[in-house]
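Single-structure report; data block below.
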């Protein structure tokens, strides 16, 4: 049996900008992407704590250490700067592996600086 398991999470990130005139994606500080084990162009699911919106898009690297989280393209309609969001990625794996798997969970402060890496 295969299970779909949380692989990566950036919890309570603050949207720093929106850019409607872009092909579409979610810009994430490259340091946060690395810490959370999220690759460029990987599918991400975004859950807004601020407004309840939920959507899928793909991750794009922003400058490392910038704290940037940008809703781009169609995703720019889903929030505004200052909104709190949760960014997740999932993976599918065999049941036996899933039982011992530990996701990368990154907690950030209001400036999108890593507070804790679980």
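The values are calculated or read from the model by the stated rules, or taken from the named source; none is laboratory data. All figures in this text were calculated on a predicted structure; none of them were measured in a lab. Glycine gets a Cβ as well: all are built from the backbone with ideal geometry, and neighbour counts include every protein chain shown.
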- May I ask you to verify whether residue 80 is modelled with pLDDT of 95 or more, surrounded by fewer than 16 Cβ atoms within 10 Å (Cβ to Cβ) and within 20 Å of residue 22 (Cα to Cα)? yes
- Message: So if I check each of 35, 64, 74, 59, which one is modelled with pLDDT of 95 or more, surrounded by 12 or more Cβ atoms within 10 Å (Cβ to Cβ) and in a helix (DSSP H, G or I)?
- Response: 35
- Identity of the residue in region 106-118, touching a residue at least 60 places away in the same chain (Cβ under 8 Å) and either in contact with a helix residue (DSSP H, G or I) (Cβ under 9 Å, 6 or more places away or on another chain) or not in a strand (DSSP E or B) (or both), that ends up surrounded by the fewest Cβ atoms within 10 Å (Cβ to Cβ): 111
- Message: Restricting to region 5-32, name every residue that is at pLDDT below 95 and crowded, with 19+ Cβ neighbours inside 10 Å.
- Response: 25
- Output yes when any residue across region 87-105 is surrounded by fewer than 19 Cβ atoms within 10 Å (Cβ to Cβ), without any contact (Cβ under 8 Å) to a residue 24 or more places away in the chain and in a helix (DSSP H, G or I), and no when none is. yes
- Count of region 10-32 residues which are within 20 Å of residue 111 (Cβ to Cβ) and either in a loop (DSSP other than H, G, I, E, B) or touching a helix residue (DSSP H, G or I) at 6+ places or on another chain (Cβ under 7 Å) (or both): 6
- Index of the failed condition, residue 27 passing every other in (1) within 11 Å of the chain's Cα centre (by Cα); (2) over 21 Å from residue 7 (Cα atoms): (2)
